[in-house]
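Working notes, beginning with the structure itself.
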Amino acid sequence: RRLAHKPRRMRALLRLASAPQLSARLRPLIRGVPSCDIPRNAWLSPASRSGAHLIRTFCSSSDGKGDGGDGKKPDGQDEDDGRSSPKTGKEVDTFEGNAIESKKSTPYGVSSSDSSNSDISDGHEEADAVVEAESWDGHQEDGLVKFDPHNISTLPPILIFPFPTRPLFPGVYQPCEVTDAALVEALVTAKASSHPYVGVFLPKPEFSDQASLTDPTQVHSVGTLASIARLAPTPRGLQLLLLGGKRIKLHRAVQTIPVMMARVEEAKDVVTEVEDAGEGPQLAKAYSMEVMQTIKEILKLNPFFKEQMQMILERSEIHEAGKLADFGAALTTADAQSLQEVLGTLDVTERIEKTLLLLKKELELSKLQSQISKQVDEKISSNQRRYLLMEQLKQIKKELGLEKDDKEALVTKFSERIATLQVPAEAKKVIDEEIQKLQSLESSSTEFNVTRNYLDWLTALPWGIYSKENFKLKRAQKVLAEDHYGLDDIKDRILEFIAVSALCGSTQGKIICFVGPPGVGKTSIGKSIAKALNREFYRFSVGGLTDVAEIKGHRRTYVGAMPGKLIQCLKASGTANPVVLIDEIDKLGRGYQGDPASALLEVLDPSQNSSFLDHYLDVPVDLSKVLFLCTANVSDTIPGPLLDRMEVVRLSGYILDEKVEIARRYLEPTARQQMGLSADHMELTQDAIVSLIRWYCREAGVRNLQKHIEKICRKVALKVVQNSQERDEVEAPEAEILKDAADSSADATATADATPMGTTTATADATATADAT
């Protein structure tokens, strides 16, 4: 009735009254207030925490006194409605102003219960009181529970936070990331409460991979009470910063799903009592001094520990042996189980002993790391020293004029290449522009390398360089006779070609294609023509070729771009008028990269190849001075437009007499030389060669005949070597016997010469025997 005249305090009271137990106690007091709807869960708001003293005021009905002190209960209230009843299944615990409903709610997430408006009756006197609390296992405690900041056991059940990386030591900050949804919600609720504490425990090895734990046996019994220093949401969950407090033991779990809540108790340090009263403190002091010395040595080797040590020293003092043991263990990089052993050891002397062992291992690891780092630094420093000396040497040579830098050297090289060449005006313009571009580029840029390669190809071509041709027919006849036997019609056609070239002054205008079966000498005839004309010879095969870029080159924009085969043959031959043999032209392919046969139309057309444009060079190149020869087995597969640009010369094959002479003049001497045989080792008779050709080698060419002659030579070489080795094996024992006999005779003669006058008859007889031997 008094609070009816104080609406602000009454509204605060109504917000707090959403707790079911409080609603039952306050229901008689609000009977006369019109339109008073008690909001659900309003006690969690800041207004509820600010008016927490009202809970103590109006929950003191356990003493049985009302507003007037007459001991009567308000109407409609039972004798026990002011106390928590086991029948209702609900209980209330107060902890610094937070009303907690158990059984149906968690300490950090109270579920709202139904509450209704009631009439106001007699009031209660204001008095400080504490709500009686029932234990979480359903048994009522004997006394009253009140929070004591110095007694961890008076804490309400706290959240058990499993941290699998490493245990958290007192006084140490530990950042971590939480992705489990239930754990994230519980941490946010704990941070918003008046007691932002969690129990950090290390899971056992077999449960370290699980995100959430539901059984107290899955974690170690000793952990750390940590305060939540900072929370930050992340896309995956929550970023958390914990500060370690005191050691705690897991007393009993009150909730396991969805997160584990448990009551904890402090795990105090234990000092072992010994018979000698001064031995315990002295031993701990000795361990402490050794730990400090080891930490100093580690700090000298690893600067990272210095920063970590400063962070820990800001939050804790390490004058005591127990705190020093925790501090030293937190510095190490030992495995989680070893650190848990230190955390779980309550005996101070034993704990600092284990910490010293971990620090010694860390010291050895730091020494090894320092040694490796020193070796790497020495290697890097030697390389840097060499680099600096080389740069200084370059600058000295540059100042003395003995050497130029890379860019100037390249420009000088390219300029010297084209100084003596008859470069066309269009190509000269492109070269000058690229040289100017090269001078303005950095040596480390990608464009610099592309420009350098492009200039290298442009300046390496034989612009205006031609080999002096020889059109003498006698020399041509001699060369053809030395290399080939028979083929009179082919030789006549070649001599006609040379004669026309001699009258015209050049060999341009015709593309000759040799068509014939394998082994008749098509490629060798091309070599003979180049030799007769005193030109360079270059051969490339187009069998199975499907990419046009092999003929016309790649664009410079591609990685690893190169000119085509025709530009490559000019650079390789070093002249602008070589003899180019395009082999297997009847086996040209066709793919998605284009049709190479169509690309060859420009190359083999005398009226177009004077300004051949390669995709890479992008500069016209004159191929009209090049003599193109082609070979094919059949002319049926050669495309019609390409065949129309060539003059076909057919090689039908060799008759028996021609094969015999070819075997006698060319094949047998060549095979005998390859096998290491001389003329004394073997001789092929006329009848043998005829039989070999007639019965074994009846094809048009002589390639199979060459294989059979080489096979005969290999068998002869085998017999020659076998006979030679057998003869050596027979002669070797005879030579050894003769050598042994000669050695024995020499020894006996020396003995006879050394015998004095007047020796016995036996000695003389032995000497005579030795001489006879």
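Just a few scattered comments:
- Of all residues in region 600-638 being of a type in the set (A, V, I, L, M, F, W, C) and part of a loop (DSSP other than H, G, I, E, B), the one that is nearest to Thr546 (Cα to Cα): Ile638
- Single residue of region 694-751 satisfying the filter (among the β-branched types (Val, Ile, Thr) and at pLDDT 90 or above) that is least open to solvent (accessible area, probe 1.4 Å): Ile709
- Selected residue [within 18 Å of Pro639 (Cβ to Cβ), in contact with a Gly (Cβ under 8 Å, 6 or more places away or on another chain) and crowded, with 21+ Cβ neighbours inside 10 Å] from Leu581, Leu600, Leu588: Leu588
- Screening Ile435 with (1) in contact (Cβ under 8 Å) with a residue 24 or more places away in the chain; (2) closer than 29 Å to Phe537 by Cα gives one miss only, at (2).
- When Val259 is tested against (1) at pLDDT below 80; (2) crowded, with 19+ Cβ neighbours inside 10 Å; (3) farther than 30 Å from Ser370 by Cα, only condition (1) is not met.
- For first residues located in region 144-164 and farther than 15 Å from Phe201 by Cα, partners that are assigned to a helix (DSSP H, G or I) and at pLDDT 65 or above and lie 6+ apart or on another chain with Cβ distances below 8 Å form the pairs Val145/Thr154; Lys146/Thr154; Phe147/Thr154; Asp148/Thr154.
- Here Leu225 fulfils each of the conditions (1) surrounded by 16 or more Cβ atoms within 10 Å (Cβ to Cβ); (2) at pLDDT below 80 apart from (2).
- Test: residue in region 455-466 that is part of a loop (DSSP other than H, G, I, E, B) and either among the charged types (D, E, K, R) or over 30 Å from Val430 (Cα atoms) (or both): no
- Positions within region 661-691 being open to solvent by less than 20 Å² (accessible area, probe 1.4 Å), at pLDDT 90 or above and either β-branched (Val, Ile, Thr) or at positive phi (or both), in sequence order: Ile689
- If you go through region 442-487 and pick out every residue that is aliphatic (A, V, I, L, M), surrounded by fewer than 17 Cβ atoms within 10 Å (Cβ to Cβ) and farther than 27 Å from Leu570 by Cβ, you end up with 2.
- Complete set of residues in region 697-708 that are closer than 17 Å to Ser524 by Cβ and part of a helix (DSSP H, G or I): Arg703, Asn704, Leu705, Gln706, Lys707
- Residue ID - modelled with the lowest pLDDT, chosen from residues in region 313-342 that are buried (at least 20 other Cβ atoms within 10 Å of the Cβ) and β-branched (Val, Ile, Thr): Ile318
- Condition check for Lys565: open to solvent by 20 Å² or more (accessible area, probe 1.4 Å), farther than 25 Å from Asn470 by Cβ and in contact with a Gly (Cβ under 6 Å, 6 or more places away or on another chain): no
- Residue check, Leu642 outside any strand (DSSP E or B) and open to solvent by less than 40 Å² (accessible area, probe 1.4 Å): yes
- Qualifying residue in region 179-190 (condition: closer than 25 Å to Val342 by Cα, at pLDDT 85 or above and either open to solvent by less than 30 Å² (accessible area, probe 1.4 Å) or not in a loop (DSSP other than H, G, I, E, B) (or both)): no
- Within region 347-389, if we keep just the residues that are of a type in the set (Ser, Thr, Tyr) and either in contact with a Ser or Thr (Cβ under 7 Å, 6 or more places away or on another chain) or farther than 15 Å from Ala325 by Cα (or both), the residue that is least open to solvent (accessible area, probe 1.4 Å) turns out to be Ser366.
- All told, Arg703 falls short of being touching a Leu at 6+ places or on another chain (Cβ under 8 Å), basic (Lys, Arg) and closer than 30 Å to Val603 by Cβ.
- Considering only residues in region 262-288 that are among the basic types (Lys, Arg) and surrounded by fewer than 15 Cβ atoms within 10 Å (Cβ to Cβ), the one that is modelled with the highest pLDDT turns out to be Lys268.
- Selected residue (criterion: nearest to the chain's Cα centre (by Cα)) from residues of region 671-684 that are in contact (Cβ under 8 Å) with a residue 24 or more places away in the chain and in a helix (DSSP H, G or I): Gln674
- Options Val188, Val172, Val184, Val198: the member that is among the aliphatic types (A, V, I, L, M) and under 16 Å from Gln255 (Cα atoms): Val198
- Those helices (runs of 4 or more DSSP H) lying entirely in region 488-559 with at least 3 residues open to solvent by 10 Å² or more (accessible area, probe 1.4 Å) and of a type in the set (Asp, Glu): 488-504
The values are calculated or read from the model by the stated rules, or taken from the named source; none is laboratory data. Every value quoted in this text rests on a predicted model; they were computed, and no experiment measured them. Note: ideal-geometry Cβ built from the backbone for every residue, glycine included; neighbour counts use all protein chains shown. Each accessible area value is taken on the protein alone, full model and side chains, heavy atoms only, with ligands, DNA and RNA left out. Shrake-Rupley method; radii C 1.70, N 1.55, O 1.52, S 1.80 Å.
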